[in-house]
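Notes to accompany the following structure.
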Amino acid sequence: MMSATEKKRKENNLLIASLILIIIILSTVMFIRLGLDKPLLSQGESYYNLRISEALKKDFFLNKDPLQETIYEPNPHHYLASFLLIFLPVKLLSFLFPLILGLLSGLLFYKLLILLKIKPKNAAYSVIVLAVTPAFIILYTGLYLYGFALFLSLLILVLFLNKKQGLQALGGLLLPLLAWTNLTAFLITFIILLFLYMVIKRNLVIPFLSLIISALVIFLLTLLSNYTPRILGFHGFAFRNILSVLKADIGFDLFLLILFLTGFVIVWIKDEARRLFYMPVLALVALSLFNTVARIYINFIITVYCVSAITYFYKRKWDLKIIRTGTMILVLCSLAFSVTNQANLLVDAQPSQEVINSLDFLKNQLKGKVLTTEKQGFLVEYYSNKPVLLDSNSYLHSNYSEIRNDINALFSSVRLLEAEPLLKKHELKYILITPTMKEELWENREQGLWFLMKNSEGFINKYTQNNTEIWEYVEPREND
């Protein structure tokens with residue numbers, strides 16, 4: 001019979017092992033990128049957050065994007081990163097900040113499960129499964145707003161579920177901060193909190209008081225700054241948006257999804273008295289098919305049911321032990337495939353050093369707006385210090401659809417008469433063409449704008465290296 005001390009020691013060791021696994025997985029992805037001579041951060045939101053944080057370091061009361069000259073909406077994530085940049089160089093911040101947030105999020109998730117009466121062993125196993133989920137790996141290998149919002153959510157839930165009123169009050173003070181960071185994450189967190197409070201039969205005074213304070217904070221921010229409250233993350237249903245194997249930005253691993261559904265059915269059948277407790281989980285799963293933020297939260301929740309399924313398979317009485325052994329090997333191999341697949345996607349992701357070299361060249365050219373794909377916008381802005389026509393924040397602008405249509409028309413233009421009015425309309429000076437663009441836009445065949453630039457005197461080739469090209473549009477001069 002195991003003593004209480006030995007049991008506690010084993011539980012602690014398992015928790016430490018799960019946290020070490022988080023460190024190993026997250027740091028390995030980033031180290032491999034560095035080993036392949038790639039920048040630490042893959043292209044996307046990380047570069048916008050880094051650029052704005054550096055700008056805030058110079059001007060704490062920033063109200064306008066210094067590069068794009070659009071209104072800047074303040075966010076706590078940027079202010080925290082800006083503060084850390086005072087003490088840490090950019091590369092070290094890019095490595096440590098997401099790694100520490102990921103580690104703390106794993107620890108807070110474990111603590112939350114303990115407060116919800118999950119066995120410590122199962123809670124630690126849930127953290128292990130969490131470490132291999134695609135969403136977790138993505139969020140904590142870059143400077144992502146959703147990763148910071150999720151950390152705040154977990155911290156708030158842990159504080160609220162604590163029996164000490166002082167800690168609950170602290171959670172209440174952090175709720176407005178979460179609302180300021182991401183309104184969608186705030187609403188999901190508050191709904192989860194209300195549900196948990198009703199289940200454990202707690203007084204709802206503090207949560208609702210915190211809701212009123214949060215609403216007041218949002219109102220004041222809207223009144224006194226450029227902040228605009230928005231419920232973000234919604235999109236149409238498509239498998240490419242929700243499955244990591246189809247390269248979804250934040251997606252489910254297919255095997256973990258199947259394992260979750262298996263575990264959910266097992267728990268549903270076994271725990272008939274508490275079936276009502278599991279209905280909100282299904283509701284959140286349904287919402288996650290149409291909302292990225294909900295998908296991030298459900299990626300945490302499904303780990304508990306995945307562990308239930310794995311435990312069931314392990315403890316079930318099989319007629320042949322080899323079947324149980326084979327099942328467990330299959331589960332372990334599938335988990336290993338999940339983490340390997342997502343790690344490969346992140347390691348292979350742009351930018352390459354060749355693209356960075358081209359952007360360094362562009363940085364030294366005269367001022368001018370750059371035409372490239374929306375996905376590469378943040379990257380081009382950060383390294384070239386030049387504005388782009390479209391980046392991943394442009395969807396917030398009223399003329400977004402018009403600009404998208406103009407860009408599509410430009411990329412498909414084969415005559416200067418078609419392209420020139422659009423180039424002048426948007427004051428475009430440079431065009432960046434990367435290998436990815438050649439493949440995705442023109443199927444590696446010289447057609448559309450790529451063909452036009454090579455066969456028109458209106459464009460000058462400024463840079464060609466490793467299949468990456470930079471062209472300059474030269475506007476014809478009026479005759480004297």
Original post:
What is the Cα centroid distance between region 317-378 and region 98-122, reported in whole angstrom?
Top reply: 25 Å
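What is the packing order of peptides 69-82, 137-150, taking the mean over residues of other C-beta atoms within 10 Å and listing the highest first? Intermediate results must be reported in sequence, preceding the final value.
Values: 69-82: 18.1, 137-150: 25.4.
For the peptides 69-82, 137-150, the packing ranking is 137-150, 69-82.
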**OP:** Compute the Cα gyration tensor for region 85-210, then decide on rounded, prolate or oblate, letting a ≥ b ≥ c be the square roots of its eigenvalues: rounded whenever a/c is under 1.5, prolate when a/b is larger than b/c in the other cases, and oblate in all that remain.
**Re:** oblate
Original post:
Are there trypsin sites (Lys or Arg not before Pro) in region 111-161 that DSSP puts in a loop and that have at most 11 other Cβ atoms within 10 Å, and which ones?
Top reply: LYS117
Subject >> Potential extension, ILE86-VAL217 segment - 0.36 nm per residue separation minus Cα distance >> reply: 44.4 nm
Subject >> Protection proxy ranking, peptides 128-135, 238-245, average beta carbon neighbours within 10 Å, highest first >> reply: 128-135, 238-245
Original post:
So how strong a dipole does region 7-347 carry about its Cα centre when Lys and Arg Cβ are +1 and Asp and Glu Cβ are -1, to the nearest 20 debye?
Top reply: 1540 debye
Original post:
Nearest 20 debye, what's the magnitude of the dipole of region 353-473 about its Cα centre given +1 on Lys and Arg Cβ and -1 on Asp and Glu Cβ?
Top reply: 280 debye
Original post:
Taking Cα atoms, how many degrees apart are the long axis of helix 416-425 and the longest axis of the chain, rounded to 10 and kept between 0 and 90?
Top reply: 70 degrees
**OP:** Could you work out how far the C-alpha centroid of region 413-480 sits from that of region 215-276, in angstrom?
**Re:** 40 Å
Subject >> Simple spin-label estimate for LEU332 and GLN165 in nanometres, 7 Å along Cα-Cβ >> reply: 5.1 nm
Original post:
Got the relative contact order for region 1-153 handy, in percent, Cα pairs under 8 Å and 6 or more residues apart?
Top reply: 35 percent
**OP:** Could you state the orientation-averaged shadow area of the convex hull built on the Cα atoms of region 389-441, in nm² to one decimal?
**Re:** 4.1 nm²
Original post:
Which angle between 0 and 90 degrees, to the nearest 10, do you get for helix 321-348 versus the longest principal axis of the chain when only C-alpha atoms count?
Top reply: 30 degrees
Original post:
With axes computed from alpha carbons, what is the tilt in degrees of helix 145-161 against the longest principal axis of the chain, rounded to the nearest 10 within 0 to 90?
Top reply: 20 degrees
Original post:
Using +1 on the beta carbon of Lys and Arg, -1 on that of Asp and Glu, and nothing else charged, what's the dipole of region 23-155 about the Cα centre, debye to 20?
Top reply: 600 debye
**OP:** Rounded to the nearest 0.05, what FRET efficiency do TYR314 and GLU446 give with R0 = 51 Å and r taken as the Cβ-Cβ distance? Could you check?
**Re:** 0.30
Original post:
If you average the sequence gap of Cα pairs under 8 Å that are 6 or more apart and divide by the length of the chain, what percent do you get for the contact order?
Top reply: 15 percent
**OP:** Calculate, in nm to one decimal, what VAL265 and ILE100 gain on full extension: separation in residues at 0.36 nm each, minus their alpha carbon distance.
**Re:** 55.9 nm
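Based only on Cα atoms, what mean projected area does the convex hull of region 1-140 have, in nm²?
Working: hull surface 44.6 nm².
Mean projected area for region 1-140: 11.2 nm², to one decimal.
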Subject >> Ordering of 411-420, 6-15 by burial proxy (mean other Cβ atoms within 10 Å per residue, highest first) >> reply: 411-420, 6-15
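How would you classify region 7-347 from its alpha-carbon gyration tensor, with a ≥ b ≥ c the square roots of the eigenvalues: rounded for a/c under 1.5, else prolate if a/b is greater than b/c, otherwise oblate? List each step's numbers first, then the result.
On the way: a/c = 1.84, a/b = 1.30, b/c = 1.41.
Because a/c hits 1.5 or more and a/b fails to exceed b/c, region 7-347 counts as oblate.
From the Cα gyration tensor of region 234-333, with a ≥ b ≥ c the square roots of its eigenvalues, which class applies: rounded if a/c is under 1.5, or else prolate if a/b is larger than b/c, or else oblate?
Because a/c hits 1.5 or more and a/b fails to exceed b/c, region 234-333 counts as oblate.
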**OP:** Sort LEU40, LEU92, LEU223, LEU154 so that the residue with the fewest other Cβ atoms within 10 Å of its own Cβ comes first and the one with the most comes last.
**Re:** LEU223, LEU92, LEU40, LEU154
Original post:
Where does region 353-473 land on Rg/Rh, using Cα atoms and the Kirkwood Rh?
Top reply: 0.92
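FYI, it's all coordinate maths here, none of it is from the lab. Given the structure is predicted, the values throughout are model-derived calculations rather than measurements. As a convention, Cβ positions derive from the backbone with ideal geometry for all residues, glycine included, and neighbour counts pool all protein chains shown.
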